[in-house]
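Written out below as structure tokens is the structure these notes cover.
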Amino acid sequence: MNGTVITGLAIGSLYGYIAQRGAFCLNSGFRFVVTKRDYTKVKALLLAIAVQMLVMPAVFALGWAQPTFPSFFPVGAVLGGLLFGIAMHWAAGCAAGVWFKTGAGSLGAVAGIAGMMLGATLFEAGPLRGLRDTVHGLGGGAVSFNVTSLGVPPWAIMVPLGAVLAFLLLRTETTKAGAWTWRRTGLLLGLVGVAAWPLSALVERQFGMAVIGGTVDLARLTSGAAIPSTGFGGWDVLFVLGLPLGAYFAARKEGAVKLTTPKPEDFAKMFVGGVGLGVGASLAAGCTVGHGLTGVPLLAPGSIVTLAAIFAGSALTGYYTLTQSRGAPQTDCSGSLSAVHSRWTDREKNKPQTDCSGRPVPAGLKNMLSSCGDSPAVETAPKENGAKTITIIIQNPPYKSGNKAWHALRFAGASIAEGMNVHVHLLDDGVEVGKLGQKPPEGTVNLEELIKELMEYGLEVNACGLSLDGCRIPEGEMITGISRGSMKTLATWVNGSDLVLTF
């Protein structure tokens, strides 16, 4: 193998390290925009794009690489992008996300990779390639228009746009995802994206970072097929293998890497989601890396359309999780229609399902929020204009101390159901509430499942960094989506809250 192909492993490892430390996965990044109004990971993506727009023209001008624009098949870009965006929810990650999460110990991500390999290979090099070509041919086939078609030097457009984008981003609030701020994650991802071009050009590969090509080539290698060691071959395979390698070393900074095993049904869901990722990326001729982090900085039309379609698909799943409970009839504690609501009017038939206190409850939480007998079902009080914000501090460990952690989360769910914005800060022994893989005592609610469910409905959770260190809990052992927080973070939440409660 040509020694320069090893640069693919280096770039992939750097990407995996940065993505793990910055919790950079566009599955949660796009979904959080809808469910939490949290733009942290999207800002990291945009900064990475801006950095490349500012630097890449110099790389091309020096002759270190030649620009190659991702293919643009309009129908494929829209259909494939939508499918990819929806599938991210099932796979619990984007194309790069499922790869680097394996390095942090996620066995579920392995199922996502297997599914992605299958879906992409069937459409790229297997019996369904003809179907892919048919979709690509719809609407007139490939579009050749790109920034070079405008008759002006590409840098004259890329550099000003990149400068404006960076300026606007840097004027916004600095927030964290994982251990890093979005500024640090976006800057480093952008620089790695720049370095990918000249390093891969050493093996006659004129492109930046991409995931699907290496995923398909790795699948072909495992089946005994040969791939070229130069061009779009060995470099891409080593790039995707570098993603979990880099993530492993990043996760080790928080302690020993432990394997996490999802339930069998979640394995199946992640595998199916992975198939959707592979098929969607094949139809769209790229994914969130090949298009979002490589094509968009070049202002490639196909990449812009595909990324927008992926966001739309992800947004659909986000809206679905927020609204799936609406329209169900109200019930009493037994599940039967309550006496208060058995005689509905047309106006009342559209009211949401309630828990025992009459509060509207998302369907997935109806068995978790309360036990029956709290209070008779009553009409929900009219909401005031504007959503209120509540900060809940949990200082007690799970399944102990009078089950205070359970009651805190139960109250958080009821508050979300009332349309409030809810933050949960885990402090002292309370950080154990967010730890993965805990077995609840017989007859008690699984708090890990409850937290994950609540986070789907918009709950934002962070854990005190000093408390995590004091309890010797590495971030890699915490539920995905729980950020490392601080007293400054808590102070910001409290300052913007209408009510603060401690459990």
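The values are calculated or read from the model by the stated rules, or taken from the named source; none is laboratory data. The shown structure was predicted, so the numbers you read here are calculated from the model rather than taken from an experiment. All Cβ positions, even for glycine, are placed from backbone atoms using ideal geometry, and neighbour counts span all protein chains on display. Quick note on the areas: whole protein, heavy atoms, side chains included, nothing else; ligands and nucleic acids left out. Shrake-Rupley method; radii C 1.70, N 1.55, O 1.52, S 1.80 Å.
Net charge near L169: determine it from the other residues with C-beta under 10 Å of the C-beta of L169, scoring Lys and Arg +1 and Asp and Glu -1.
+3
Take the alpha carbon atoms of the range 252-312, find their center, do the same for the range 94-149, and report the distance between the two centers in whole angstrom.
Each part reduced to its Cα centre gives a spacing of 9 Å.
Determine the sum of side-chain charges near S314: Lys and Arg each +1, Asp and Glu each -1, restricted to other residues whose C-beta is under 15 angstrom from that of S314.
+2
Defining a contact as two alpha carbons under 8 Å apart and six or more residues distant in sequence, what relative contact order in percent does the range 445-499 show?
36
Can you work out the accessible area per residue across the range 34-122, with the rest of the protein chains kept in place, probe 1.4 Å, in square angstrom?
On the way: 2850 Å² over 89 residues.
Ligands and nucleic acids excluded, the figure is 32 Å² per residue.
Can you tell me the order of 239-247, 444-452 when each peptide is scored by its average per-residue count of other Cβ atoms within 10 angstrom, highest first?
Highest mean packing first, the order is 239-247, 444-452.
Cβ neighbours within 10 Å, averaged per peptide: list 172-181, 124-133 in order, most packed at the top.
In descending order of packing, they fall as 172-181, 124-133.
Considering only the other residues whose Cβ falls under 13 Å of the Cβ of L468, what net charge follows from Lys and Arg at +1 and Asp and Glu at -1?
Cβ neighbours under 13 Å give a net charge of -3.
So, in nm, how far is label E204 from label L150 when the simple model puts each one 7 Å beyond its Cα toward the Cβ?
Using points 7 Å along Cα→Cβ, the separation is 3.3 nm.
When you count, for each residue, the other Cβ atoms within 10 Å and take the mean per peptide, how do 303-310, 267-274 rank with the highest first?
Output ranking for 303-310, 267-274: 303-310, 267-274.
Checking the table K43/K176; K253/K452; K263/K404; K258/K435; K258/K400 against a 18 Å threshold on Cα-Cα, which pairs fail? Could you put the intermediate results ahead of the total?
Values: K43/K176 11 Å; K253/K452 24 Å; K263/K404 27 Å; K258/K435 12 Å; K258/K400 25 Å.
Listed pairs above 18 Å: K253/K452; K263/K404; K258/K400.
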